[in-house]
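Colleague: Here's a structure for you.
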Amino acid sequence: MPALAEAEREGWLGEIEGLKVSLAGAEDKLAQIDRQSQKATISLGMPTTRSGDLE
């Protein structure tokens, strides 16, 4: 992560901690989305047309 490397290089300790917290939160959210998407498959069925749509 370029921002984290820059913060470490510049010695911005508070910024480093904030970036690590943000990164951990983003990783947790991505893992949550991955778990959720693996659980449910939604069937949308076959599309149909209505007779009035075929003009």
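Colleague: Give, in nm to one decimal, the length gained when the segment between residue 29 and residue 9 is fully stretched (0.36 nm per residue of separation minus the Cα-Cα distance).
Modeller: Between residue 29 and residue 9, full extension yields an extra 4.4 nm.
Colleague: Go through region 2-9 residue by residue and turn each phi into a ³J(HN,Hα) via Karplus (6.51, -1.76, 1.60, θ = phi - 60°); whole Hz please, and just put x for glycine and proline.
Modeller: So the J values, rounded to whole Hz, are x, 5, 5, 4, 5, 4, 5, 4.
Colleague: Using only Cα atoms, what is the ratio of the radius of gyration of the chain to 2.2 N^0.38 Å?
Modeller: Expressed relative to 2.2 N^0.38 Å, the Cα Rg reads 2.29.
Colleague: Would you tally the net charge around residue 22, using a Cβ to Cβ cut-off of less than 13 Å, leaving residue 22 out, and scoring K and R as +1, D and E as -1? Before the final figure, lay out each step's value.
Modeller: Values: positive: 20, 29; negative: 15, 17, 27, 28.
With Lys, Arg at +1 and Asp, Glu at -1, the neighbours total -2.
Colleague: For a protection proxy built on the mean count of beta-carbon atoms within 10 angstrom, sort 43-49, 26-32 highest first, please. Present the calculation step by step, with values, prior to reporting the outcome.
Modeller: Values: 43-49: 5.6, 26-32: 10.0.
Those peptides, ordered most packed to least, come out 26-32, 43-49.
A short reminder: the numbers here are calculations on the coordinates, not readings from a lab. Predicted, not measured: the structure shown is a model, and the values here were computed from it. With ideal geometry, Cβ positions are generated from the backbone for all residues, glycine too; neighbour counts draw on all protein chains shown.
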